[in-house]
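The values are calculated or read from the model by the stated rules, or taken from the named source; none is laboratory data. Computed from a predicted model, the values in this text were never measured in an experiment. All Cβ positions, even for glycine, are placed from backbone atoms using ideal geometry, and neighbour counts span all protein chains on display.
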Amino acid sequence: MSVIGHLSQSGSKQSPPAEGTVTRVAVYELPQSQFDGMVSVLPANLLAEVLFCSILQPSDQPTPQQVRAAVLAAWHAHHDEPLECTAQLAADYGDNPELACARMRWCIQMVALAA
C-alpha cells in the first residue's frame, strides 16, 4: 500500500497492520549533527524523497528536529537505499498524482527548513 493511501485513512482503532505496511510511530528528537552528515553528502531533492516516504504529515506541524528524525527513520527503514524511496515515490505519483505533488512540495519545504 502506498504511503499516501495508508496515511490518508482515518485514525480509528484497527487491527494490527499486515506485515510490510507503514505504521505510525513516535518521532523522537535528534541531534542536528546526525542530519547534517546526510545533508553534506546527499542532495536536498533526495532528502525530500526520503521524507516523502516517512510517516510525517503536514497535519503533524513538525519541528525541524522532528523532520530530521523522520528523514533518518525513513532512510533506515528503506535500508539506507535511496532507490527504495524513489520507487515508493514513483508508485505514489502513479496512484495519486495530485496528492503526491502536494506532499512533495511540502517535503521540499520541510527539508529546507530542517537543514
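Here are some notes:
- Test result for residue 98, within 14 Å of residue 46 (Cα to Cα), loosely packed, with under 12 Cβ neighbours inside 10 Å and either in contact with a helix residue (DSSP H, G or I) (Cβ under 8 Å, 6 or more places away or on another chain) or not small (Gly, Ala, Ser) (or both): no
- Candidates 12, 2, filtered to the one that is at pLDDT below 90, exposed (fewer than 14 other Cβ atoms within 10 Å of the Cβ) and among the small types (Gly, Ala, Ser): 12
- Counting only residues that are within 19 Å of residue 102 (Cβ to Cβ) and either surrounded by fewer than 19 Cβ atoms within 10 Å (Cβ to Cβ) or at pLDDT below 85 (or both), region 72-88 holds 2 of them.
- Considering region 55-71, the residues that are at pLDDT below 90 and out of contact with any helix residue (DSSP H, G or I) (no Cβ under 6 Å at 6 or more places or on another chain) include one that is surrounded by the most Cβ atoms within 10 Å (Cβ to Cβ), namely 69.
- Pairs where the first residue, in region 82-93, is under 12 Å from residue 54 (Cα atoms) and the second is assigned to a helix (DSSP H, G or I) and among the aromatic types (Phe, Trp, Tyr), C-beta under 8 Å, 6+ apart: 85/52; 85/75; 88/52; 89/52
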